[in-house]
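The values are calculated or read from the model by the stated rules, or taken from the named source; none is laboratory data. Here the structure is a predicted model, which means the values were calculated and not measured. In this analysis, Cβ positions are derived from the backbone assuming ideal geometry, glycine residues included, and neighbour counts consider all displayed protein chains.
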Amino acid sequence: MDPELEAFVPLFPRADLGDPVTAREGFAKLATALPAPDTSAMEVEDLTVPADPGVPVRIYRPHLAQGAIIWMHGGGFVMGNLDTEHPWAARLADGSGAVVISVGYRLAPENPFPAALDDVHAVLTWTAQHAAELGIDPGRIAVGGHSAGAGLAAAVALRTRDEQGPPICFQLLNQPGLDDRLQTWSARNFTDTPWMNHDKAAQLWGHYLGSTPATPYAAPARATDLSGLPPAYVATAEFCPNRDEDIDYALRMLQAGVSVELHQWPGTFHGSQAILSAEVSQRQIAELGAALRRALAA
């Protein structure tokens, strides 16, 4: 493990998703402990996207931005909100120069699949329909997220491809949760890794799916046809249960003719980029912004 990260492992929380309410409280405390991002170079606005029910979003508008990304927070489908994602959404807007539309999607287990995906799809549709008033190019709308949020981004890309929905120009997938089966080598063997491990992954998928059988829109790794998807940047962490399913998904997209950039970060664990003092975390965050900037400029 990267020595700068290893020093923080004893301090990193080991949330138990068996109690979602307590887990959310702990996740919120972790987020508020981070240094506040600098938002002086952008406008930040909270809105509710009309849907049933309405979906809260927080929009970050850097000056002169033309492209946008629909951005989904992490938290295992169970934790997280607009406030916990604020440090990361603001940094992404600053690093990419893009409009970031952070989505406060509904959480499991109270709202299992497909509630979160429906919320994300509603925000994507709304963004495409209101591109002119948002000041963005409708041909430069990307989707992305961290962890479960990245899984939702991959799922909405599949859904919009199949339904001929609003065009998506790019997927920015950071350590995505893609496969409920947990049968890859990393999913089976990482049983005691920091923050995310096999048992915790099993819990979050149980909350998200409830009694509904998994489909590709719930677990994108189950999709058999990955052709026709938008170009993607996929980032993985070495000591993350999601690692191998993410690498496999990236390879399968490549084999289906999708342009993919795959970055495996050595010495890192799931969510370790929250340790901002580590040089590798700074590189990870900077690269997410740079990848999005490159994609929207293409």
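Tabulated data for the structure shown
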{"item": "Positions within segment 266-298 being buried (at least 19 other Cβ atoms within 10 Å of the Cβ) and more than 19 Å from residue 34 (Cβ to Cβ), in sequence order", "result": "291, 292, 295, 296"}
{"item": "Any chance residue 160 is among the hydroxyl-bearing types (Ser, Thr, Tyr) and free of Cβ contacts under 8 Å to residues at least 60 places away in the same chain", "result": "yes"}
{"item": "Selected residue (criterion: farthest from residue 296 (Cα to Cα)) from residues of segment 8-20 that are outside any helix (DSSP H, G or I) and not charged (D, E, K, R)", "result": "18"}
{"item": "Matching residues, segment 165-213, being under 30 Å from residue 140 (Cβ atoms) and either surrounded by fewer than 20 Cβ atoms within 10 Å (Cβ to Cβ) or without any contact (Cβ under 8 Å) to a residue 60 or more places away in the chain (or both)", "result": "165, 166, 167, 169"}
{"item": "Residue that is at positive phi and surrounded by fewer than 19 Cβ atoms within 10 Å (Cβ to Cβ), where the choices are 47, 64, 34", "result": "64"}
{"item": "Helices (runs of 4 or more DSSP H) completely within segment 130-246 that count 2 or more residues being out of contact with any Cys (no Cβ under 6 Å at 6 or more places or on another chain) and either closer than 25 Å to residue 281 by Cβ or of a type in the set (Phe, Trp, Tyr) (or both)", "result": "148-163, 185-189, 198-209"}
{"item": "Matching residues in segment 33-43 - criterion: being within 20 Å of the chain's Cα centre (by Cα) and either of a type in the set (Val, Ile, Thr) or under 16 Å from residue 135 (Cα atoms) (or both)", "result": "none"}
{"item": "When residues of segment 71-95 are limited to those that are crowded, with 24+ Cβ neighbours inside 10 Å and either of a type in the set (Phe, Trp, Tyr) or more than 16 Å from the chain's Cα centre (by Cα) (or both), the one farthest from residue 35 (Cα to Cα)", "result": "77"}
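Here's the yes/no breakdown for (1) modelled with pLDDT under 95; (2) surrounded by fewer than 24 Cβ atoms within 10 Å (Cβ to Cβ); (3) closer than 20 Å to residue 56 by Cβ:
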residue	(1), (2), (3)
124	no, no, yes
129	no, yes, yes
147	no, no, yes
156	no, no, yes
159	no, yes, no
163	no, yes, no
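Residues checked against (1) over 20 Å from the mean Cα position of the chain (by Cα); (2) hydrophobic (A, V, I, L, M, F, W, C):
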site	(1), (2)
29	no, no
46	no, no
54	yes, no
66	yes, no
69	no, yes
